[in-house]
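The block underneath contains the structure these notes are about, expressed in structure tokens.
The values are calculated or read from the model by the stated rules, or taken from the named source; none is laboratory data. Note that the coordinates shown come from a computational prediction; the quantities given were computed from them, not determined experimentally. For neighbour counting, all protein chains shown are included, and Cβ atoms are generated from backbone atoms with ideal geometry for every residue, glycine included.
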Amino acid sequence: MSTPDKSMALTGQPPADLSTFQKIAVILGLSGLFILLLASFNIDFPNKGTWLSISLMAIFSGVFWFAKEAYSKKLKGIKNDGVWFKSISAKGLWAWLTGISLTGFYIVLYFYPEFLGLAKDGSNTGVIALFDPLSRLLSGNPASQWFVYGSLYTVAILAFGIKFIWKYRHNRYEIIRTISVMFFQTAFAFIIPEIMARLNGKLPYYDLKNIWPLNYYNFEKYRINAFIDSGDIGLTMLIFGIVSIFVITPILTYKYGKRWYCSWVCGCGGLAETAGDPFRQLSDKSLSAWKVERWVVHSVVVFVTLMTTAVIYSYLGNDSSKYWLTKDAFLIGVALLLSLIFALVMLFKRAQFQKDALYGAIGYFVIIMTLIGFHYYSGDGNVFLFKSETLRKSYGFLIGSIFSGVIGTGFYPIFGNRVWCRFGCPMAAILGFQQRLFSRFRITTNGGQCISCGNCSTYCEMGIDVRAYAQKGQNIVRSSCVGCGICSAVCPRGVLKLENGPLKGRIGSNEVLLGNDVDLMTLVNQK
Amino acid sequence: MESIVIIGNGVAGVTAARHIRKNSNKRITIISAESDHFFSRTALMYVYMGHMKFEHLKPYEDWFWKKNRIELIRGFVRKVDDNNKELFFEDDRVIKYDKLILATGSKPNKFGWPGQDLKGVQGLYSKQDLDLLEMNAPNKKVCRRAVIVGGGLIGIELAEMLRSRDIPVTFLVREKSFWDVVLPDGDSGMINEHILEHHIDLRLETNLVEILADDYGRAKAIVTDKGETIECQMVGLTPGVSPNISFLKDSGIELGKGIKVNRFLETNIKDIYAIGDCAEQLEPIGNRRPIEAVWYTGRMMGETVARTICETRTEYKPGHWFNSAKFLDIEYQTYGWVFNNNGKKDYEEHFHWRHASEKICLTIAFHKETRKFLGINTFGIRMRHEIFDEWLNKGRGVNHVIKYLKDANFDPEFYTKYENEIAAKFNADFDTDIEPEKKSWKRIFAIG
């Protein structure tokens, strides 16, 4: 028998009717976007610097004012009233319209930048021309579609970051974390690379917090050459790029879990946590989604590892007297490194794998080793079975553009705000692998206090069924957890706490929960 | 194969079913008149508030039941025939059982007020009540004012729900302060202030006299014992709950307020057990009441009865009392026993600390002479269950609790900590000289 879900009745009034001020704020924000839209239809604004400032300011202050109206007059606390009644946050018409527009924007951005006014030679037109003054101010060069995108991205993180801080102003973890992503986006992703370009024109564009494999193109030939050509500073940056994945990342992930990156530093995470916050409840929590997630995201890791290996291999030489790192030395090195990691994990952490994860790990390892071996014995020519260029191009198209941009961000209002981070990001998968097996981070479940209400699972942007662990009295140690802290914030009974503690006792599970007869608990739990 | 039938798919019944399945191959059937699948009753409020959809309240996906071979029957049992071990449904279906677990929960109290059965008058307990609320108070145009009668946990939840849709709420509380049948005055007083902050019209020491009807038999106003008539379109009756057992009247099962059970959760009839809200202990356990309508106790009884059914006859022995709730924006947790000002034991001393500006406070109860720690209420500070359980097990003194309170703090990272302030107040109140110790993972993990 099914009873109609009356809570979705048309008579149910969404609690948050827009106030007059909020309506004005919406108009203000949209007028800023409208200026950009006019510019992209080649309305030639005079005084571009002024119009761009007006536009960006209007967008920023529209969001700012809207948020102030929404939250500042209310007492501090959880602000999820009406989330599932509003069209935009409950996959209604507005959500679809927003999703389609964003997706359209990404398609134009990635594949048809000329529609935005990008000129191959000569001066820019359209919306890109509108951004020329700002770009010249920072780097001295005219704007590109990426500069336009970067500017809007930064404005979005800053404006919606302020909104997020207002919304969670009772929660210092959320406030500090959000200030962190706002800082890293503005300084590291936006301003520093532009200024570096001004100081040293030879340096490749380098967002220092963007680490391989997220930054899958970092070790391509043109970038390596550019790094080396720029002297000491370039070399330092190249070394930093290698050190950040092999040294810095493992240390920080051990100490704090992958959240140090995914929800404190990363730009993709930054946008998801700020502009994407209204959509976090849309992630799919079903067991089947988890199964898909594990196969897809780990396949991307395998893909990016093969691709990068192939790309580096393709430009290395054969003669070890000229340079120590030859094609063969490199390939053997990669094989040794992967074998070492695989052996260590199998030796010490095998027990922590579930059966299918174990098969997956073995499967992937065998595939990579076979390919390396196959290549090694089959002589020169293509890398593995493919051309490195083909691999690179397909990765860039499928993962770099379609997955991270078009689906990952364009579909925020439909699939939730962390689709890319959950299903596609190889960086998140690698950090997650370590987080699961070798990190001090966990979400502690507070004894027997869980009432299975489901707020934690509903608001988990990564689609983790947090409640499934909490109601068993089990700590949450999941590779996908980005440590955003919202499960802990929305829990009405104080059950969840993100913390870094000793590895001993990190997981733990109880059949009988704390609160019941002590004898029964020990008896049953030891069994 | 032995057939276990459970009436009621709430947390007690479902916990019993899960544990029976874990430890045996018995046939398990769960009967519910309320819903197809188990959901978290305590979370119903969030559906009305738009935080979640009903489907989010289900702790297990719908395939879970089939996979674990737990049969689900939607229907209302009107009669238990314990001689033939048969259950009769309202629609005349009959099923047999070998062992029967009654986990039928509660129903809202009604105290015979004139007009209590009018349209627009309701309690808040079941999924059907939630649907009814959606009809009675969909928005502030249909429901221009709501009156809530009964100042307990459900009352304040209902007030929060209605306020989330901007509906004006008058809240009648019989006591001189909100929930002061349980909370000490300091704690209760802070909640009063918070209720007012949320623009809820709180009327303390005010009782309902009658509910007035309009020409269509709908509630149009209420009259209080202060002689005031308050116009309203919806009346929420939330003066507690009592066991939902009327269908057992003609069975041979011994009933009091609830279904009488011994410490093994057995009724007077062999092979029939009762757990959760509907069970009434023949002898109260420690300071506990004979009927405990609490999520956690329902779950614990489920764990225990499953063990009795699958392996060894096991006594229900709940550990140290704990509970939690949320009053609007203020989270509440309690461990051990802290009694209100009237119910305070003669040996019970209280220490109360409250933040100067924030709505944060705690009350610690301890033994006057032995200074043994008895219990804690905390508001706006989360505490570690394991640590307090351990301190209660070991019979720690109150000085120990104040000294190591940082170990027990469970607030999110970077939150302002108040343990030093709390210790200073304690030192001043009780002329002690306690230096709080730093949080230690070693001590925290030494437990268990």
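Residue check: A:Met346 meets all listed conditions (1) buried (at least 16 other Cβ atoms within 10 Å of the Cβ); (2) within 24 Å of A:Val477 (Cα to Cα); (3) modelled with pLDDT of 80 or more but one, namely (1).
Considering only residues that are surrounded by fewer than 18 Cβ atoms within 10 Å (Cβ to Cβ) and aliphatic (A, V, I, L, M), look in segment B:402-433 and name the one that is nearest to the chain's Cα centre (by Cα). Here the answer is B:Ala424. Here B:Gly105 qualifies as small (Gly, Ala, Ser) and crowded, with 22+ Cβ neighbours inside 10 Å. Output the residues belonging to segment B:181-200 that are surrounded by 16 or more Cβ atoms within 10 Å (Cβ to Cβ) and among the acidic types (Asp, Glu). Hits for segment B:181-200 are B:Asp185, B:Asp187.
Scanning segment A:192-230 for residues being among the charged types (D, E, K, R), more than 21 Å from the chain's Cα centre (by Cα) and in a loop (DSSP other than H, G, I, E, B) gives a total of 2. Screening A:Lys255 against (1) over 30 Å from A:Phe160 (Cβ atoms); (2) exposed (fewer than 14 other Cβ atoms within 10 Å of the Cβ); (3) not aliphatic (A, V, I, L, M) leaves a single unmet condition, (1). Exactly one residue out of B:His51, B:His37 is closer than 26 Å to A:Cys450 by Cβ, at the interface with chain A (Cβ under 10 Å from one of its Cβ atoms) and not basic (Lys, Arg): that is B:His51. Looking at A:Asn510 and the list (1) within 14 Å of chain B (Cβ to nearest Cβ); (2) surrounded by fewer than 24 Cβ atoms within 10 Å (Cβ to Cβ); (3) closer than 30 Å to A:Lys76 by Cβ, which single condition is not satisfied? Status for A:Asn510: all satisfied but (3).
Would you tally the residues in segment B:310-332 being more than 8 Å from chain A (Cβ to nearest Cβ) and either in a loop (DSSP other than H, G, I, E, B) or of a type outside the set (A, V, I, L, M) (or both)?
Residues that pass the stated criteria total 8.
For the residues A:Val482, A:Val419, A:Val466, A:Val495, the requirement of being under 19 Å from A:Ser283 (Cβ atoms), surrounded by 24 or more Cβ atoms within 10 Å (Cβ to Cβ) and within 13 Å of chain B (Cβ to nearest Cβ) singles out A:Val466. Taking (1) of a type in the set (A, V, I, L, M, F, W, C); (2) under 21 Å from B:Ala43 (Cα atoms); (3) over 22 Å from the mean Cα position of the chain (by Cα); (4) surrounded by 18 or more Cβ atoms within 10 Å (Cβ to Cβ) in turn, B:Ile148 satisfies each apart from (3). Taking segment B:105-209 and the strands (runs of 3 or more DSSP E) fully enclosed by it, the elements with 1 or more residues that are among the aromatic types (Phe, Trp, Tyr) and either in contact with a helix residue (DSSP H, G or I) (Cβ under 6 Å, 6 or more places away or on another chain) or more than 14 Å from chain A (Cβ to nearest Cβ) (or both) are at B:169-172. Please tell me if A:Arg177 is buried (at least 19 other Cβ atoms within 10 Å of the Cβ), at pLDDT 90 or above and within 17 Å of A:Thr274 (Cα to Cα). Judged against the criteria, A:Arg177 is a match. Taking (1) over 30 Å from A:Val63 (Cα atoms); (2) surrounded by fewer than 17 Cβ atoms within 10 Å (Cβ to Cβ) in turn, A:Thr309 satisfies each apart from (2). Candidates in segment B:318-332 are the residues that are within 21 Å of B:Ser357 (Cβ to Cβ) and not charged (D, E, K, R); of these, the one that is surrounded by the fewest Cβ atoms within 10 Å (Cβ to Cβ) is B:Leu328.
Note on segment B:1-83: enclosed helices (runs of 4 or more DSSP H) holding 1 or more residues that are within 25 Å of B:Lys249 (Cα to Cα) are B:11-23. Selection over segment B:419-448 of residues that are outside any helix (DSSP H, G or I) and within 18 Å of B:Val398 (Cα to Cα) gives a count of 9. Evaluating B:Thr304 against the criteria (1) surrounded by fewer than 20 Cβ atoms within 10 Å (Cβ to Cβ); (2) touching an Asp or Glu at 6+ places or on another chain (Cβ under 8 Å); (3) in a helix (DSSP H, G or I) leaves one unmet condition, (1).
Within segment A:27-48, residues that are of a type in the set (D, E, K, R) have Cβ atoms under 7 Å from residues that are buried (at least 16 other Cβ atoms within 10 Å of the Cβ) in these pairs: A:Lys48/A:Ala129; A:Lys48/A:Leu130; A:Lys48/A:Asp132; A:Lys48/A:Pro133, counting only partners at least 6 apart in sequence or on another chain. Checked against (1) at pLDDT below 95; (2) out of contact with any Lys or Arg (no Cβ under 9 Å at 6 or more places or on another chain), B:Asp433 passes all but a single condition, namely (1).
Each row is one residue, and each column tells you yes or no for (1) more than 19 Å from B:Arg218 (Cα to Cα); (2) surrounded by fewer than 22 Cβ atoms within 10 Å (Cβ to Cβ).
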| residue | (1), (2) |
| --- | --- |
| B:Pro114 | no, yes |
| B:Asp117 | no, yes |
| B:Ser126 | yes, yes |
| B:Asp131 | no, yes |
| B:Glu134 | no, yes |
| B:Ala137 | no, no |
| B:Lys141 | no, yes |
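Consider segment B:366-417. How many of its residues are touching a residue at least 60 places away in the same chain (Cβ under 8 Å), polar (S, T, N, Q) and facing chain A (nearest Cβ under 10 Å)?
1
Would you be able to say whether some residue in segment A:436-446 is free of Cβ contacts under 8 Å to residues at least 40 places away in the same chain and surrounded by 23 or more Cβ atoms within 10 Å (Cβ to Cβ)? Within segment A:436-446 (the criterion being free of Cβ contacts under 8 Å to residues at least 40 places away in the same chain and surrounded by 23 or more Cβ atoms within 10 Å (Cβ to Cβ)), the answer is no, since none of the residues qualifies.
With respect to A:Trp84, is the statement that it is modelled with pLDDT of 90 or more and more than 14 Å from chain B (Cβ to nearest Cβ) true? So A:Trp84 does not fit the description; no. Answer yes if at least one residue in segment B:333-352 is within 11 Å of chain A (Cβ to nearest Cβ), more than 18 Å from B:Lys403 (Cβ to Cβ) and surrounded by 19 or more Cβ atoms within 10 Å (Cβ to Cβ), and no otherwise. Yes: one or more hits. Number of residues in segment B:346-387 that are out of contact with any strand residue (DSSP E or B) (no Cβ under 6 Å at 6 or more places or on another chain) and polar (S, T, N, Q) equals 2. Of the residues A:Phe415, A:Phe386, the single one that is touching a residue at least 40 places away in the same chain (Cβ under 8 Å), closer than 23 Å to A:Asn218 by Cα and among the aromatic types (Phe, Trp, Tyr) is A:Phe386. Beta carbons closer than 8 Å, at least 6 apart along the sequence or on distinct chains, pair a first residue in segment A:276-303 that is more than 22 Å from A:Ile372 (Cα to Cα) with a second that is among the polar types (S, T, N, Q) and in a helix (DSSP H, G or I) for A:Gln281/A:Thr458; A:Lys285/A:Ser457; A:Lys285/A:Thr458.
In segment B:287-299, the qualifying residues are those that are touching a residue at least 24 places away in the same chain (Cβ under 8 Å) and within 9 Å of chain A (Cβ to nearest Cβ), and the one that is farthest from B:Thr238 (Cα to Cα) is B:Arg299.
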